[in-house]
Amino acid sequence: MEPLKARPAPTRRGRGTVLVVDDDPLIRQVLREQLEAAGFFAVAVDSGAAALALCDDLAPHVVVLDLYMPGLDGAQVCRAIKARADRPYVSVIMLSASDVKVDVLAGLDAGADDYLIKPTGAEELRARVSNLATVSEYHRLVTHQRDEARGRIDVLNEQLLRSERLATVGTLTSGILHELNNIAQVLTSALEELGEVPRPADKAFAFDAATSVSQHLRELSKSLLRAVRVDQEPDSCLFRQTVDEVLKMLALTGRTRGVEVRLEGADELGVRCGRVALQQVMLNLVGNAADALGRKTGSRIDLGEVAREGWLEVTVRDNGPGMTPEVLSKIFDPFFTTKPVGQGTGLGLPVVRRVIADWGGTLTVESSPGAGAAFVFTVRT
Ligand SMILES: Nc1ncnc2c1ncn2[C@@H]1O[C@H](COP(=O)(O)OP(=O)(O)OP(=O)(O)O)[C@@H](O)[C@H]1O
Ligand SMILES: [Mg+2]
């Protein structure tokens, strides 16, 4: 915003526009001449009604207003001028032959900025009108700058809202695409399996996986819909059963081929998170570990679970190449990937972290080059 100017801009006509309102023709003439001699543009009218009719078009900086006039008196005219909304500011000097306190008060109470006793000297009139013309000019300047600033704030707010929406849509879409891609792979492999394997038992296995994937797709969309509701009960699912489903999906796509996956730990436990959410987390963490391991002999992924004080602590540990501190510092950045172009989107771990945070859990990771990686997360039981 432009800084407030130290002095108001020069008024439109000389030192400002002044409207003189008095029913006495002689006083009107004298005041007008004195004001013009002092450099003001002065207009004189003989009644309150005429003054009000002229006020909007003339937009005077100052109105010099006789208190006692036939018809509308000075106090009524002053109130009407001050009550005009969204108009340039107008200062009012009440003019009267009376210096009685009641009259002075009547003028000031009506909103007049100043009070002058007739007859006034030319110098006093010039000084008072000049000061109030400056006040009006400042008022108008500040109002103008305020309106401009409001306009700019409205525009900025709208831009902000639009870019926030776009960012949300972008993140959401990327996350959805990433997950759809993961499970679409499973579906594809399942269907291939159905086509290639003649034995009914194997077909049943592939068919189960395809069914599970279609359920996953359905629940993914349901969970997206639920995300906009706030009054829902927390979801829950069976931990081992869900992890088994994920391992089957990964085996079916061949992603864990050549890798020994071990599931250690306690009996079946219910955990307080959605089944799809847990599937998302495990698919990404175990999938990442399998990708890092490649097909080397002795490749292992250990899944460990420890229940403590209302929480289940789950560890996904691999004996792969691990990560350098530099890579480790970036793995939760969206789109960070060390995989070749076309293989990794770099959205897996950001999604995992958001999903775990949504159910109130924590996620930590430990890794160093040559020492594998261990991702540990918590979920309420
Ligand atoms: N277990 C792991 N061992 C070694 N590096 C890992 C491991 N898990 C993740 N990383 C590193 O973190 C990076 C980011 O993982 P993230 O899951 O976010 O994306 P991505 O796997 O590269 O791509 P995608 O979007 O397909 O999941 C990986 O590219 C890899 O460098
Ligand atoms: Mg990944």
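The values are calculated or read from the model by the stated rules, or taken from the named source; none is laboratory data. Quick caveat, the model's predicted, so the values are computed rather than measured. Positions of Cβ are generated from backbone atoms using ideal geometry, with glycine treated the same way; all protein chains shown enter the neighbour counts. The area values use the complete protein model at the heavy-atom level, side chains included, leaving out ligands, DNA and RNA. Shrake-Rupley method; radii C 1.70, N 1.55, O 1.52, S 1.80 Å.
Observations
- The amide H of residue 263, built 1.01 Å from its N in the peptide plane, has 303 as neighbours under 5 Å, considering only residues 5 or more places off or on other chains.
- Approximate shape of the range 40-99 as ellipsoid semi-axes (Cα gyration tensor, √5λ), whole Å, largest first: 18, 13, 11
- For residue 42, the residues whose amide H sits under 5 Å from its own are 18, ignoring neighbours fewer than 5 places away on the same chain, with H placed 1.01 Å from N.
- The mean of 1/r over all pairs of different alpha-carbon atoms in the chain, once inverted, gives a Kirkwood hydrodynamic radius of 27.8 Å.
- Set of aspartates and glutamates with alpha-carbon distance to residue 101 below 13 Å, sequence-local pairs under 8 removed: 109
- Using the alpha-carbon positions of the range 5-151, Rg (one decimal) and Dmax (whole number) come out as 14.7, 48 Å.
- Only helices enter the 222 nm calculation for the chain: every DSSP H run of n ≥ 4 contributes -39,500 (n - 2.57), and dividing by all residues gives -17500 deg cm²/dmol, rounded to 500.
- Nearest-20 debye value, the range 17-152 charge dipole, Cβ charges on Lys, Arg, Asp, Glu: 520 debye
- For the range 298-371: rounded, prolate or oblate by the Cα gyration tensor [a/c cutoff 1.5]: oblate
- Each Lys and Arg contributes +1 and each Asp and Glu -1, all at the Cβ; summed about the Cα centre of the range 233-380, the dipole is approximately 480 debye.
- Of the peptides 143-154, 65-76, the order by per-residue mean of other Cβ atoms within 10 Å, starting with the highest, comes out as 65-76, 143-154.
- The range 233-380: translational diffusion in µm²/s, Stokes-Einstein, Kirkwood Rh over Cα pairs, 25 °C, 0.890 mPa s: 158 µm²/s
- Rounded to the nearest 20, the size of the Cβ-charge dipole of the chain about its Cα centre is 980 debye, with Lys and Arg at +1 and Asp and Glu at -1.
- Solvent-accessible area of the chain (1.4 angstrom probe, protein heavy atoms only): carbon and sulfur portion equals 56 percent.
- Å² of accessible area per residue within the chain, as computed with a 1.4 Å probe and no ligands counted: 55 Å²
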